[in-house]
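The next block holds one structure in the form of structure tokens; read it before the comments.
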Amino acid sequence: MTQPEQPILAQTRALLASDPDRFASSVFARLFAMRPSLRELFPAEMGTLRASFVDVIDHVLDAIGAPDGHGELVEFLAQLGRDHRKFGVVSEHYWLIYDALMSEFQFAFGNRWTPEVEETVGQAMLLTTGVMRGAAESAEGPPRWHARVVQKFRITRERAVIRLIADGPHPPYAAGQYLETQIPQWPRTWRNFSPAIPSNPQGELEFHVRAVPGGRVSGSIVRDTAVGDVWTFAQRHGTMHIDPARPALLIAGGTGLAPLRALLIDHARFGEPAPVHLFYGTQNPGELYELGVLAQLAGANPWLRVTAVTENTEDPWWLTGGTDPRGWGLEVRYGRVGEVAATYADWRGRQVLLSGPAPMVFHTALRLRAAGVDPDAIQHDPLN
């Protein structure tokens with residue numbers, strides 16, 4: 001990156017920041033004007049997508065200006081290109097979005113649109129669309145695959161377990177990863193969900209879903225999903241894993257147990273792995289829906305220890321008849337799962353995996369770091 005290009009990139013980022021939604025709206029308006037049929041590839045409500053779109057462009061401009069940011073940027077854009085296959089984006093569409101971007105930048109810059117600005121911005125946008133296009137063209141496996149719901153049961157009014165079987169060939173995923181998921185009730189809307197069992201040749205899948213307040217997709221899964229529904233899956237993501245040679249601490253909040261459950265089941269393949277201590281927490285005792293499975297897993301695997309944690313000692317009226325954690329022979333503690341786990345023992349030297357609501361993961365990581373746990377030893381999925 002030459003010196004004259006640096007201020008141009010800074011100006012371009014400032015332009016984006018001045019009114020990001022207007023910029024994104026105008027780019028998409030230009031795109032749909034060039035090819036009206038492309039509108040059908042996008043969800044009806046595009047506010048979140050527009051925000052993400054501007055974030056990507058801003059990240060590209062920032063990384064291009066950084067002296068050592070190009071390697072990370074290329075991989076970031078390559079992953080985006082692979083991800084966008086699920087929308088039905090093909091090679092020619094990248095040229096259209098390049099034209100739409102350059103036209104909007106020219107309009108936004110106005111009389112400041114000089115040949116130097118055009119060259120700098122053009123190179124950045126060519127890099128963006130070119131890397132994405134190349135990665136999409138070279139990606140292996142289908143852009144989408146499908147699975148059919150064969151069983152659903154409600155755990156509580158907010159939680160449900162969904163079991164599916166893949167329709168035909170399906171790419172494997174690693175235990176602990178999450179899958180881009182689309183349900184028939186919300187076409188063209190994608191969310192990430194973590195399977196609660198490892199991948200298997202039969203194509204069996206299991207998801208534990210909580211209806212997040214205000215969450216359209218998660219709420220619809222808990223309320224509306226029925227046997228026979230066909231779900232669509234795309235890319236798999238995530239790097240959470242357990243090294244069998246090192247002791248591990250796992251902390252799960254609610255349905256955040258799902259990826260850790262898959263990892264534990266997969267971990268049981270090893271003959272004598274290092275000790276693992278799982279803290280599994282919910283707000284109320286009756287929401288500890290997986291204690292039976294965990295008790296069986298711990299009983300068959302001496303390396304696993306499970307501690308159940310609830311914030312309340314008694315269930316509310318609507319959970320009457322729920323699980324009594326004391327009935328499974330597991331240790332039970334009371335409080336917030338992250339606080340209980342962080343103060344339970346000295347966890348320095350352990351690999352740590354966190355999964356659950358973003359606030360729980362964030363504050364648990366802070367407490368563990370304050371207790372001396374190496375931040376590099378703490379794994380969790382990206383926080384939304």
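The values are calculated or read from the model by the stated rules, or taken from the named source; none is laboratory data. Nothing here was measured: the structure is a model prediction, and the numbers come from that model. Note that each Cβ is placed from the backbone with ideal geometry, even for glycine, and that neighbours are counted across all protein chains shown. Accessible surface areas use protein heavy atoms only, side chains included; no ligands, DNA or RNA. Shrake-Rupley method; radii C 1.70, N 1.55, O 1.52, S 1.80 Å.
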Evaluate the following for Ala358: is it open to solvent by less than 70 Å² (accessible area, probe 1.4 Å), at pLDDT below 95 and of a type in the set (Gly, Ala, Ser)?
yes
When every residue in segment 198-210 that is outside any loop (DSSP other than H, G, I, E, B) and either touching a Cys at 6+ places or on another chain (Cβ under 8 Å) or open to solvent by 70 Å² or more (accessible area, probe 1.4 Å) (or both) is compared, the one nearest to Asp381 (Cα to Cα) is Arg210
Test: residue in segment 172-188 that is part of a strand (DSSP E or B), in contact with a helix residue (DSSP H, G or I) (Cβ under 8 Å, 6 or more places away or on another chain) and of a type in the set (D, E, K, R) = yes
Taking segment 145-171 and the residues there that are part of a loop (DSSP other than H, G, I, E, B), more than 22 Å from Pro259 (Cβ to Cβ) and not small (Gly, Ala, Ser), the one that is least open to solvent (accessible area, probe 1.4 Å) would be Asp167
The correct count of residues that are closer than 11 Å to Phe279 by Cα and in a helix (DSSP H, G or I) in segment 295-348 is 7
On the basis of being surrounded by 14 or more Cβ atoms within 10 Å (Cβ to Cβ) and either in contact (Cβ under 8 Å) with a residue 12 or more places away in the chain or under 27 Å from the mean Cα position of the chain (by Cα) (or both), does His84 make the cut? yes
inquiry  = Just checking, does segment 39-49 include any residue being within 29 Å of the chain's Cα centre (by Cα), surrounded by 14 or more Cβ atoms within 10 Å (Cβ to Cβ), free of Cβ contacts under 8 Å to residues at least 40 places away in the same chain and not in a helix (DSSP H, G or I)?
reply    = yes
Over segment 30-57, the set of residues among the hydroxyl-bearing types (Ser, Thr, Tyr), modelled with pLDDT of 90 or more and under 20 Å from Leu80 (Cβ atoms) is Ser52
Within segment 153-197, restricting to residues that are polar (S, T, N, Q) and more than 12 Å from His208 (Cβ to Cβ), the one that is modelled with the lowest pLDDT is Thr189
Considering segment 361-384, residues that are over 24 Å from the mean Cα position of the chain (by Cα) and farther than 16 Å from Asp243 by Cβ, and then whichever is most open to solvent (accessible area, probe 1.4 Å), we arrive at Ala370
The condition of being within 14 Å of the chain's Cα centre (by Cα) and either open to solvent by 20 Å² or more (accessible area, probe 1.4 Å) or not hydroxyl-bearing (Ser, Thr, Tyr) (or both) holds, among Pro247, Pro213, Pro195, only for Pro195
Take the conditions open to solvent by less than 40 Å² (accessible area, probe 1.4 Å), out of contact with any Pro (no Cβ under 9 Å at 6 or more places or on another chain), under 29 Å from Glu140 (Cα atoms) and not hydrophobic (A, V, I, L, M, F, W, C) and apply them to His70. Does it pass? no
Counting only residues in segment 276-296 that are open to solvent by 10 Å² or more (accessible area, probe 1.4 Å) and among the small types (Gly, Ala, Ser), the one nearest to Arg246 (Cα to Cα) is identified as Ala295
So Pro142, is it surrounded by fewer than 18 Cβ atoms within 10 Å (Cβ to Cβ), without any contact (Cβ under 8 Å) to a residue 40 or more places away in the chain and either farther than 30 Å from Gln202 by Cβ or out of contact with any Pro (no Cβ under 8 Å at 6 or more places or on another chain) (or both): no
Residue in segment 220-233 that is at pLDDT below 95 and open to solvent by less than 10 Å² (accessible area, probe 1.4 Å) present: no
Residues of segment 5-32 being hydrophobic (A, V, I, L, M, F, W, C), surrounded by fewer than 16 Cβ atoms within 10 Å (Cβ to Cβ) and within 14 Å of Phe107 (Cα to Cα), in sequence order, are Ala29
If we keep only residues of segment 88-101 that are buried (at least 18 other Cβ atoms within 10 Å of the Cβ) and among the hydrophobic types (A, V, I, L, M, F, W, C), then the residue nearest to Asn192 (Cα to Cα) is Val89
Residues of segment 361-384 being farther than 19 Å from Gln177 by Cα and among the aliphatic types (A, V, I, L, M), in sequence order, are Ala365, Leu366, Leu368, Ala370, Ala371, Val373
Here is a check on your reading of the model: is Trp113 without any contact (Cβ under 8 Å) to a residue 24 or more places away in the chain and either within 21 Å of the chain's Cα centre (by Cα) or open to solvent by less than 70 Å² (accessible area, probe 1.4 Å) (or both)?
yes
Exception for Ile64 within (1) loosely packed, with under 13 Cβ neighbours inside 10 Å; (2) closer than 26 Å to Ser138 by Cα falls at (1)
